[in-house]
1. Could you list, in sequence order, all residues of the range 14-60 that are of a type in the set (D, E, K, R) and either in contact with a strand residue (DSSP E or B) (Cβ under 9 Å, 6 or more places away or on another chain) or on the phi > 0 side of the Ramachandran plot (or both)?
2. Going by the structure shown, is Arg8 open to solvent by 100 Å² or more (accessible area, probe 1.4 Å) and either under 15 Å from Lys79 (Cβ atoms) or modelled with pLDDT of 95 or more (or both)?
3. Could you tell me how many of the residues in the range 11-34 are in contact with a Lys or Arg (Cβ under 6 Å, 6 or more places away or on another chain) and exposed (fewer than 13 other Cβ atoms within 10 Å of the Cβ)?
4. Among the residues of the range 17-34, write down those that are farther than 13 Å from Lys79 by Cα and assigned to a loop (DSSP other than H, G, I, E, B).
5. Filter the range 35-62 down to the residues that are in a loop (DSSP other than H, G, I, E, B) and within 19 Å of Arg78 (Cα to Cα), then identify the one that is most open to solvent (accessible area, probe 1.4 Å).
Amino acid sequence: MEEQNLDRFIKITEAAEILGFAHYRSVNQMIERGALAGYRLPHVTRRRVLLSDVHALKEQAEVDLLSAKPNRGRGRPRKYA
């Protein structure tokens with residue numbers, strides 16, 4: 001990854017695009033479950049997330065996906081891949 005500022009806040013919709021979700025509500029559910037930290041900034045009505053947290057979550061999901069034993073292809077496909 002090229003040199004960029006990973007400790008900046010991004011919108012929930014941007015996080016959804018990075019993680020491969022079709023809708024921002026999936027990221028809001030992750031915040032409510034505690035899987036991702038959401039922040040409320042002064043003078044901003046919407047929540048934000050740290051770009052570094054989003055990338056760390058995506059990398060962890062990729063590691064978990066690679067280390068998981070192969071399934072028989074049933075069920076819903078995994079996100080973040």
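1. So the first thing to find is which residues in the range 14-60 are of a type in the set (D, E, K, R), and the list is 14, 17, 25, 32-33, 40, 46-48, 53, 58-59.
Selection gives Glu14, Arg40, Arg46, Arg47, Arg48.
2. On the way: open to solvent by 100 Å² or more (accessible area, probe 1.4 Å): yes; either under 15 Å from Lys79 (Cβ atoms) or modelled with pLDDT of 95 or more (or both): no.
So Arg8 fails the test.
3. Summing the residues that are in contact with a Lys or Arg (Cβ under 6 Å, 6 or more places away or on another chain) and exposed (fewer than 13 other Cβ atoms within 10 Å of the Cβ) in the range 11-34 gives 0.
4. Tyr24, Gly34
5. Looking only at the range 35-62, we keep the residues that are in a loop (DSSP other than H, G, I, E, B), and these are 35-38, 41-46.
Filter again for within 19 Å of Arg78 (Cα to Cα), leaving 35-36.
Values: Ala35: 54, Leu36: 11 Å².
Here the residue is Ala35.
The values are calculated or read from the model by the stated rules, or taken from the named source; none is laboratory data. Bear in mind the structure is a predicted one, so any value in this text is a computation, not a measurement. All Cβ positions, even for glycine, are placed from backbone atoms using ideal geometry, and neighbour counts span all protein chains on display. Protein only, heavy atoms only, side chains kept; ligands, DNA and RNA dropped before computing areas. Shrake-Rupley method; radii C 1.70, N 1.55, O 1.52, S 1.80 Å.
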